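What follows is a short report on a single structure.
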Amino acid sequence: MTPDELMFFNAMPGALPIYDTLRAHILTAFPETAVEVKKTQITFRSHYGFAFVSLRRMKGCPAVFLILTLGLGRRLASPRAAAAVEPYPGRWTHHFIISDPKELDGELLDWLREAHGFAQRK
């Protein structure tokens, strides 16, 4: 993990184990992925961004969390998505509140793979 990634979590160090698990899944599945750290967001990019991490508080956030945002070509019919918006036709942005590394299960990782594939087809 880079110093910039570690610094990103200074405001919420308890979320670092969640991020570390997510990061490991992403870089194992998609080793070509670049990690770009900005002030308010970490972007995982493989040609285009496909997964985004932020710490902005949404309704329903516990004390320790991170927001995982995925772009998909469809709206998920899942209560796990805290919010879903269609910023333009055929692109749905889904926000997931993750508060435990165990929430990064097979279902969420399938959506992550779908988001990666969707970004590759843009």
Unique match (being of a type in the set (D, E, K, R) and either within 18 Å of Met1 (Cβ to Cβ) or in contact (Cβ under 8 Å) with a residue 40 or more places away in the chain (or both)) among Arg57, Arg45, Arg75, Arg80: Arg45
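Could you tell me how many of the residues in segment 28-45 are in a helix (DSSP H, G or I) and closer than 18 Å to Gly71 by Cα? Quick ask: steps written out before the conclusion?
Keep residues of segment 28-45 that are in a helix (DSSP H, G or I), which gives 28-29.
Next, from what is left, pick out any that are closer than 18 Å to Gly71 by Cα: 29.
Total satisfying the criteria: 1.
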Find the residue count for segment 1-45, including only residues that are polar (S, T, N, Q) and in contact with a Pro (Cβ under 6 Å, 6 or more places away or on another chain). 1
Would you confirm whether any residue within segment 103-122 is surrounded by fewer than 18 Cβ atoms within 10 Å (Cβ to Cβ), among the small types (Gly, Ala, Ser) and in contact with a strand residue (DSSP E or B) (Cβ under 7 Å, 6 or more places away or on another chain)? no
Of the residues Ala24, Ala15, only one is closer than 20 Å to Ala119 by Cβ and under 15 Å from the mean Cα position of the chain (by Cα); which? Ala24
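Every number in this text was worked out from the coordinates using simple rules, so none of it is lab data. As the structure is a prediction and not an experimental result, all values here were calculated from the model. When we count neighbours, we look across all protein chains shown, and the Cβ atoms used for this are built from the backbone with ideal geometry, even at glycine.
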